[in-house]
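Chemist: Provided herewith is a single structure, encoded as C-alpha cells, for subsequent inquiry.
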Amino acid sequence: MSDTDLSAKKAATLYFDHSATTPVDPRVLTKIIPFFSESFGNPSSQNHALGWSARNSVEEARNQVAKLLGAQPLEINFTSGATESNNWVFSGLFSYLKRERPQEKIHIISALAEHASVVEPIKYLEENGVMVTWVKMSPMGQVTPEEISRAIRPETKLVSIMSGNNEIGSLNPIKEIGALCKQHSIYFHTDATQTVGKIPIDVVDMNIHLLSFSGHKMCAPKGAGALYIRRRDPKVLIDPYMRGGGQEHGLRSGTVNVPLVVGLGEASRLALEELNSTRAQLTEMAYTLWNGIKQIFPEATLNGHPTERIPGHLSLTIPGFSHAKVLPKLGGLALSTASACSSDNPHGSPALHALGMDTKAMESTYRLTIGKTTTPQQIQEVLEIFRKIQKGSSH
Ligand code: PMP
C-alpha cells in the first residue's frame, strides 16, 4: 500500500477513541509551527530577542493553562504529560517528607481504579515503607467522600483520586473530597487527564492542591502536560522532579519544549472558550449513541454512573457479544475494549475489575469516546455497524 492509500484508509476511520488521544486542533497546529522554524529560541536565553520572544510565548501558555484551571501562572509547571506529573507528585512528596520530617510516618489514600501512572508509583512507595489505603469504588464507579473519610488517619499526608475514570467514565465528587482534605489538612491530588477541557475545573473552589493532566487528550500535541502545584493557602511542599538548570521555577529542569508548550497553551485557551459548547455537544452525542445502541441491543448496560459521567464517554457491556465476535466486524470503527493503557494488559482492565466485573462481562465491554471532531453523521454510521453485527449474529 502506498503512503497515499494509507492516509486515505486512515481518513476513513470512524474514530471513537478520544479518551486514548485526540487529533491536534488545526488552530493549535497553526500556532505552533513557527516555533519549529523561525521562532526557535531557548526561553532561558536572556541576552537576545529570540530568547525573550520564546520566554514570552511560554509565559503566555502558562497564563492560558492557569486560566483554564483557576490557578495562578506561577503554580503551573510544564511536564511531558500526566504520567510524569503523577510520578512527580509521589516521588516529590516522599523525598521531601523523608528529608524534612524523617520521624513521621507517611500514609497515602488512593484507589486501585486509578490510572497505572498513579497506582504504580504508589505501589513503589508502599514497597519502601509508605502505608497505603486503597479505597473501593461504589457500584456506580465513584469514590465517595465517605470512603475517603473512613480511610483518613493521623498519618495521612496525601489523598490521590482521579477526576474522571478513563475506563468507566464516572466523575468523582472532587469538590467534596477536596473539602474533606482541607478540613483534615491533607494534600489532595487529582489526576484530571480525562476531564480538563470537558468539565469546569477550579482548583481553588475544589480545594485541589496538586493536579495532573496531558495535552493530547484535549487537542494539543502529545508529549506536553502540566502539574499544578498550589503556592498559597497552603503552599504545597514537594521536591523538584529534575535538577539541573533550574527551569520551571527550579522544580523541573531542562530546556522547555516551546512548540509543545505553546500548543498546550493554545488548546487550553480554546478549551476554556468552548467549554460549555463542547460539554453540551459531547453529552448530547453520547446520549444519542447510547440510546441507539440500547435499541439494537436491549440487554446492553452502561457501566458507571448514568449521569455523572465524563462528557462523551460510554462504557458498555453487551452480553453475548464478546470481543472475539465483535472486533473482527468493526471495519473502520476505532473503539477500545477498556482503555488504551489496559487494552493490551493480559489481566484485563483494573478499573472494570475494581467495579467487580467478571471476566465474561469484561470480554463483552466496549469503550466508545466522542470528541470535538465527532459528527452526528458518524454516530449514525457507528449505529449502522452495530445493527449489522446484531443482525449477523441472529442468522
Ligand atoms: N491518567 C489518566 C486518567 C489517563 O487516561 C492517562 C492516559 N491514558 C494518563 C494518566 C497518562 O497520560 P500520558 O500517557 O499522556 O502521560
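Chemist: Along each of its three principal axes, how wide is the spread of alpha-carbon positions in the stretch 29-114, in whole angstrom units, largest first?
Modeler: 52, 32, 23
Chemist: Per residue, how big is the convex hull of the stretch 154-246 when only Cα atoms are used? Give it in Å³.
Modeler: Looking at the stretch 154-246, the number lands at 125 Å³ per residue.
Chemist: For S277 and K360, what is the calculated FRET efficiency with R₀ set at 56 Å and r taken between the beta-carbons, to the nearest 0.05?
Modeler: 0.90
Chemist: Same structure again: Please get the size of the charge dipole for the stretch 148-218, origin at its Cα centre, with Cβ charges of +1 on Lys and Arg and -1 on Asp and Glu, quoted in debye to the nearest 20.
Modeler: It comes to approximately 100 debye.
Chemist: At 15 angstrom or more along the helix axis (alpha-carbon based) and mean Kyte-Doolittle of -0.5 or higher, what helices does the chain contain? Whole DSSP H runs only.
Modeler: Passing helices, by number: 49-69, 82-100, 116-127, 258-273, 275-296.
Chemist: Which value, in debye to the nearest 20, describes the size of the charge dipole of the stretch 257-344 about its Cα centre when Lys and Arg Cβ atoms bear +1, Asp and Glu Cβ atoms bear -1, and nothing else is charged?
Modeler: In total the dipole reaches around 260 debye.
Chemist: Net charge near M218, counting Lys/Arg +1 and Asp/Glu -1 over other residues with Cβ under 10 Å of its Cβ?
Modeler: Around M218, the surrounding residues sum to +2.
Chemist: With the Cα gyration tensor of the stretch 200-240 in hand, convert its eigenvalues to equivalent ellipsoid semi-axes via √(5λ) and list them largest first in whole Å.
Modeler: Ellipsoid half-lengths, sorted descending, are 23, 14, 5 Å.
Chemist: Kindly provide the helix-only [θ] at 222 nm of the chain, computed as the sum of -39,500 (n - 2.57) over DSSP H runs of four or more divided by all residues, to the nearest 500 deg cm²/dmol?
Modeler: Using -39500 (n - 2.57) per qualifying helix, the result is -12000 deg cm²/dmol.
Chemist: If you place +1 on the Cβ of every Lys and Arg and -1 on the Cβ of every Asp and Glu, how big does the dipole about the Cα centre of the chain come out, in debye to the nearest 20? Show your work: numbers first, answer last.
Modeler: Values: 39 positive and 37 negative charges, 23 e Å.
The dipole magnitude comes to about 120 debye.
Chemist: Which whole-number value in Å³ per residue fits the convex hull of the alpha carbons of the stretch 111-168? Walk me through the numbers before you get to the answer.
Modeler: Details: hull volume 4.6 nm³, N = 58.
About 80 Å³ per residue, rounded to a whole number.
Chemist: Extent of the stretch 38-180 along each principal axis, from alpha carbon coordinates, in Å, largest to smallest?
Modeler: 56, 38, 25 Å, listed from the longest principal axis down.
Chemist: Dipole of the chain (Lys/Arg Cβ +1, Asp/Glu Cβ -1, origin at the Cα centre): which of G250, L171, M218 lies farthest to the positive side?
Modeler: So the residue we want is L171.
Chemist: Using only Cα positions of the stretch 206-286, each an equal point scatterer, no hydration layer, compute I(q)/I(0) via Debye at q = 0.11, 0.16, 0.27 Å⁻¹ and quote the log10 values to two decimals.
Modeler: Per q value, in the given order, log10 I(q)/I(0) is -0.40, -0.78, -1.26.
Chemist: Which listed residue (T373, L158, V261) has the Cα farthest towards the positive end of the charge dipole for the chain, taking +1 on Lys and Arg C-beta and -1 on Asp and Glu C-beta about the Cα centre?
Modeler: L158
Chemist: Also, quick follow-up: Compare the peptides 274-284, 13-23 by average per-residue count of other Cβ atoms within 10 angstrom and give them in order, highest first.
Modeler: Listed from highest to lowest mean packing, they are 13-23, 274-284.
Chemist: Would you please put 143-154, 43-54, 108-119 in order of how densely packed they are, using the mean number of other Cβ atoms within 10 angstrom per residue and starting with the highest?
Modeler: The peptides rank, most packed first, as 108-119, 143-154, 43-54.
Chemist: List the pair-distance distribution P(r) of the chain, using every Cα-Cα distance, as the percent of pairs falling in each 20 Å bin from 0 up to the bin containing the longest distance, rounded to whole percents.
Modeler: It works out to 27, 55, 17, 0, in whole percents.
Chemist: Determine, for each peptide in 213-221, 319-327, the mean count of other beta carbons within 10 angstrom over its residues, then list the peptides with the highest first.
Modeler: 213-221, 319-327
Coordinate-derived values only; no laboratory data. Just so it is clear, the structure is predicted and the values come from calculations on it, not from any experiment. Virtual Cβ from ideal backbone geometry, glycine too; neighbours counted across all protein chains shown.
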